[in-house]
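*Asks:* What follows is a single structure, and I will ask about it in a moment.
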Amino acid sequence: MCIRDRYQRRVHGIYDSLSVRHHRVHLLDKHLRRLEHSASVARIPFPFPTDSLVQKILDLLAFAYTKATKEDLLNLRFYLSSGDGDFGILPKESVLYAVVVKGHPYKGTKLYDGVSELIIKDVPVKPPILATIKSTNYLLNALTAVFAKERGGYLGINVDNNGFLTEASLANVGLVNHRKEFLTPKLDNALQGTTLVRCLEHMEKTLLKEGKLAKIEFKDITPEEAYESSAEFMLFGGDKIVPVLTLDGHRIGNGKKGLVTQALQDFIENDLFDGEEIPVQKYAK
């Protein structure tokens, strides 16, 4: 990537990433809709018609599988840059980059069993125009994660100017209270994560009917409400539902993974078998 690229120089770029396993692309349609929304807000045109992007993605992944097994977890990342700006402020011709990575930086039993987390109040909240799109401007996210790690947390959870929870540095946040209500912060200052969207679909279709949940609501959530919840978790990466066992030193529920958390983990694991099929035979030897 050229040093003059505005993706780096002016952080005028967007990106998205998605999980790939079992020769299937997980939640491809949701990721592409989010990418198109982010591009529109950031005023970055696609360098080619978006309806051709699906086939380009499938071809790239088919080639990637010549170096991976069906059981490997792959991570597809694509970056849309406003292009080479000659060190100026105005964009020129947009460029789309794509890369496939084997594995994921966040993995291991800790993510499945649960973590201790912290609310980070000394990092300012993102303005809505940045918070609600998948922008490459991740400085505040990175600082949140760094401060959390330095203080014994995991990803770190932000609050807005009124003290309400927004999101973690890389994840949406959800909790279940003692009335079996699933609560998640309003999306005024948070990204609408595809993992959250997919889990909400499952909650509405299954968990409400089974009686595991009584209600689903986007609302302003105070730290105190989070401390008193019976279960809490972070949702990200397409396939990660990470239980929060303690928050700011407060034990969440009984200090163990909740029933709803387990149900969502099981659902997402099975959901990875669904999705757009990759034509791996195209490059098979």
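*Asks:* Of Asp51, Asp59, which residue is surrounded by fewer than 19 Cβ atoms within 10 Å (Cβ to Cβ), in a helix (DSSP H, G or I), without any contact (Cβ under 8 Å) to a residue 12 or more places away in the chain and among the charged types (D, E, K, R)?
*Replies:* On the way: Asp59 fails: without any contact (Cβ under 8 Å) to a residue 12 or more places away in the chain.
That would be Asp51, the only listed residue that is surrounded by fewer than 19 Cβ atoms within 10 Å (Cβ to Cβ), in a helix (DSSP H, G or I), without any contact (Cβ under 8 Å) to a residue 12 or more places away in the chain and among the charged types (D, E, K, R).
*Asks:* Name the residue, out of Ile216, Ile241, Ile252, that is buried (at least 23 other Cβ atoms within 10 Å of the Cβ) and more than 19 Å from the chain's Cα centre (by Cα). It would help to see each step written out before you state the result.
*Replies:* Numbers: Ile216 fails: buried (at least 23 other Cβ atoms within 10 Å of the Cβ); Ile241 fails: more than 19 Å from the chain's Cα centre (by Cα).
Exactly one of Ile216, Ile241, Ile252 is buried (at least 23 other Cβ atoms within 10 Å of the Cβ) and more than 19 Å from the chain's Cα centre (by Cα), namely Ile252.
*Asks:* Spot the failing condition for His26; the list is (1) touching a Ser or Thr at 6+ places or on another chain (Cβ under 8 Å); (2) open to solvent by 80 Å² or more (accessible area, probe 1.4 Å); (3) at pLDDT below 90, and only one is missed.
*Replies:* Exception for His26: condition (2).
*Asks:* To continue, here is another question. Would you check if Lys205 is under 19 Å from Asp266 (Cβ atoms), open to solvent by 10 Å² or more (accessible area, probe 1.4 Å), modelled with pLDDT under 95 and under 23 Å from the mean Cα position of the chain (by Cα)?
*Replies:* On the way: under 19 Å from Asp266 (Cβ atoms): yes; open to solvent by 10 Å² or more (accessible area, probe 1.4 Å): yes; modelled with pLDDT under 95: no; under 23 Å from the mean Cα position of the chain (by Cα): yes.
So Lys205 fails the test.
*Asks:* Still on this model: Kindly indicate which of Leu259, Leu235 is touching a residue at least 40 places away in the same chain (Cβ under 8 Å) and either farther than 25 Å from Ser135 by Cβ or surrounded by fewer than 23 Cβ atoms within 10 Å (Cβ to Cβ) (or both). Spell out how you get there, then give the answer.
*Replies:* Working: Leu235 fails: either farther than 25 Å from Ser135 by Cβ or surrounded by fewer than 23 Cβ atoms within 10 Å (Cβ to Cβ) (or both).
Residue meeting the stated conditions: Leu259.
*Asks:* So, in the range 195-233, how many residues would count as being part of a strand (DSSP E or B) and either β-branched (Val, Ile, Thr) or under 22 Å from Arg33 (Cα atoms) (or both)?
*Replies:* Residues of the range 195-233 that are part of a strand (DSSP E or B), as a first pass: 215-219, 231-233.
Subset that is either β-branched (Val, Ile, Thr) or under 22 Å from Arg33 (Cα atoms) (or both): 216, 218.
Number of matching residues: 2.
*Asks:* Output the residues belonging to the range 37-48 that are in contact with a Phe, Trp or Tyr (Cβ under 8 Å, 6 or more places away or on another chain) and surrounded by fewer than 20 Cβ atoms within 10 Å (Cβ to Cβ).
*Replies:* none
*Asks:* Restricting to the range 262-285, name every residue that is open to solvent by 50 Å² or more (accessible area, probe 1.4 Å), farther than 25 Å from Ile119 by Cβ and not aromatic (Phe, Trp, Tyr). Before you say what the answer is, go through the steps one by one.
*Replies:* We begin by selecting, within the range 262-285, every residue open to solvent by 50 Å² or more (accessible area, probe 1.4 Å); these are 262, 266, 269-270, 273-274, 276-277, 281-285.
Still in the running and farther than 25 Å from Ile119 by Cβ: 266, 269-270, 273-274, 276-277, 281-285.
Residues satisfying the conditions are Asp266, Glu269, Asn270, Asp274, Glu276, Glu277, Gln281, Lys282, Ala284, Lys285.
The values are calculated or read from the model by the stated rules, or taken from the named source; none is laboratory data. Source: prediction; values computed, not measured. Methodologically, a virtual Cβ is constructed for each residue, glycine included, from the backbone with ideal geometry; neighbour enumeration extends over all protein chains shown. SASA here: full protein model, heavy atoms, side chains in, ligands and nucleic acids out. Shrake-Rupley method; radii C 1.70, N 1.55, O 1.52, S 1.80 Å.
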